[in-house]
1. Counting only residues that are among the hydroxyl-bearing types (Ser, Thr, Tyr) and either crowded, with 17+ Cβ neighbours inside 10 Å or closer than 20 Å to MET165 by Cα (or both), how many does segment 28-47 have?
2. Of all residues in segment 117-155, count the ones that are in contact with a strand residue (DSSP E or B) (Cβ under 7 Å, 6 or more places away or on another chain), surrounded by fewer than 15 Cβ atoms within 10 Å (Cβ to Cβ) and not charged (D, E, K, R).
3. Could you list, in sequence order, the residues of segment 102-116 that are over 16 Å from the mean Cα position of the chain (by Cα) and either surrounded by fewer than 18 Cβ atoms within 10 Å (Cβ to Cβ) or not in a strand (DSSP E or B) (or both)?
4. Would you call THR7 among the hydroxyl-bearing types (Ser, Thr, Tyr), at pLDDT 90 or above and either touching a His at 6+ places or on another chain (Cβ under 7 Å) or not assigned by TED's automatic domain parsing to the domain that holds PHE230 (or both)?
5. Please note which strands (runs of 3 or more DSSP E) are completely contained in segment 54-101 and include at least 3 residues that are more than 15 Å from GLU41 (Cα to Cα) and assigned by TED's automatic domain parsing to the domain that holds ASP112.
6. Given the structure, is ALA50 within 25 Å of ASP33 (Cα to Cα), surrounded by 14 or more Cβ atoms within 10 Å (Cβ to Cβ) and in contact with a strand residue (DSSP E or B) (Cβ under 6 Å, 6 or more places away or on another chain)?
7. State yes or no: is GLY222 without any contact (Cβ under 8 Å) to a residue 12 or more places away in the chain and more than 29 Å from LEU148 (Cβ to Cβ)?
8. Please determine whether any residue of segment 106-116 is under 30 Å from LYS226 (Cβ atoms) and not assigned by TED's automatic domain parsing to the domain that holds PHE200.
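The values are calculated or read from the model by the stated rules, or taken from the named source; none is laboratory data. Remember, it's a predicted structure, so these values are computed and weren't measured experimentally. Because the Cβ atoms are built from the backbone with ideal geometry, glycine has one as well, and the counts that use them run over all protein chains shown.
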Amino acid sequence: MQLRYETELVRGFPGMPYSSHLSADILTGINDDPRATQVVEFAVTAAASAGDLTIQNKLISATGADEDAVAAALAAAINAEPLVNGSVIAEAATDTVTVTARVGGIGFQFADGTDTTATETQENAKAAAIPFGRAVQLVGESDDGSFLVKLLSENAPADVLGISMYTATTEKGRATGVGETIAAEYPGGHELNVGREGRFYVEVEADVSVGDSVYVRHTADGALDKLGAFAGASGSGLVELPGCRWLQGARKGAAVLGLNLD
């Protein structure tokens with residue numbers, strides 16, 4: 001009896017280093033973009049001489065000669081309240097108080113009250129998830145100097161910071177078979193490891209072979225909508241990424257990319 005073995009072992013999955021080759025050039029970024037900042041408007045009832053509202057479970061009250069004065073006093077009270085002014089900032093215009101979260105992606109609790117009606121004009125939203133093994137770009141720095149990143153979404157290869165690396169602490173899936181993976185990603189607002197130099201499995205949207213040029217997607221093209229995914233040939237929404245070469249091809253799923261972005 002002759003035994004048959006699979007001719008191809010299960011490959012690594014996107015974001016994993018290839019073999020034991022690791023580089024010291026690994027940065028920590030924060031998945032920070034795109035995101036939406038929460039905004040709530042409180043309308044003060046006409047002819048009201050007092051009103052209240054609730055922010056972060058703190059009741060805010062104020063009085064005034066008319067609805068415009070009440071709105072101004074409520075905004076001032078919000079900005080003076082230490083239990084809420086670290087989370088929001090308030091402004092008044094005529095009879096309306098506009099309360100805005102200080103940090104996009106970090107929302108606040110609210111409720112209208114006596115002689116005030118609340119309308120959420122923009123909901124809080126965290127950044128979109130960043131899957132493992134995609135190209136990410138630098139979008140800025142936080143107040144503490146952390147790198148803020150997002151999936152590549154511009155035709156700007158010089159802005160590519162590196163590859164979103166696999167890490168077990170945020171893993172939500174793993175390889176299930178040859179060329180098959182379950183999505184694994186960094187949630188919005190989460191720190192991520194970004195590899196800039198070394199050999200990594202990366203997500204590819206089409207066949208690649210050793211010797212092909214390296215392209216990365218920055219704009220969706222129909223069903224090809226995985227920003228930061230890689231390809232081995234030019235096309236709409238792709239840009240060539242210098243300093244890279246294919247070390248191992250793939251029919252689908254993951255391939256090994258040699259990366260050097262210094």
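1. First, the residues of segment 28-47 that are among the hydroxyl-bearing types (Ser, Thr, Tyr): 28, 37, 45.
Next, only the ones that are either crowded, with 17+ Cβ neighbours inside 10 Å or closer than 20 Å to MET165 by Cα (or both) stay: 28.
Summing the residues that are among the hydroxyl-bearing types (Ser, Thr, Tyr) and either crowded, with 17+ Cβ neighbours inside 10 Å or closer than 20 Å to MET165 by Cα (or both) in segment 28-47 gives 1.
2. Residues meeting the conditions: 7.
3. Going through segment 102-116, the residues over 16 Å from the mean Cα position of the chain (by Cα) turn out to be 102, 108-116.
Those that are over 16 Å from the mean Cα position of the chain (by Cα) and either surrounded by fewer than 18 Cβ atoms within 10 Å (Cβ to Cβ) or not in a strand (DSSP E or B) (or both): ARG102, PHE108, GLN109, ALA111, ASP112, GLY113, THR114, ASP115.
4. So THR7 does not fit the description; no.
5. Numbers: elements: 58-63, 88-93, 96-101.
Where strands (runs of 3 or more DSSP E) fall fully within segment 54-101 and carry at least 3 residues being more than 15 Å from GLU41 (Cα to Cα) and assigned by TED's automatic domain parsing to the domain that holds ASP112, they are 58-63.
6. Details: within 25 Å of ASP33 (Cα to Cα): no; surrounded by 14 or more Cβ atoms within 10 Å (Cβ to Cβ): yes; in contact with a strand residue (DSSP E or B) (Cβ under 6 Å, 6 or more places away or on another chain): yes.
The answer is no for ALA50.
7. Details: without any contact (Cβ under 8 Å) to a residue 12 or more places away in the chain: yes; more than 29 Å from LEU148 (Cβ to Cβ): yes.
Considered against the rule, which asks whether it is without any contact (Cβ under 8 Å) to a residue 12 or more places away in the chain and more than 29 Å from LEU148 (Cβ to Cβ), GLY222 comes out as yes.
8. Quick first cut of segment 106-116, residues under 30 Å from LYS226 (Cβ atoms) only: 106-107.
Applying the additional criterion that residues be not assigned by TED's automatic domain parsing to the domain that holds PHE200 yields 106-107.
Within segment 106-116 (the criterion being under 30 Å from LYS226 (Cβ atoms) and not assigned by TED's automatic domain parsing to the domain that holds PHE200), the answer is yes, since at least one residue qualifies.
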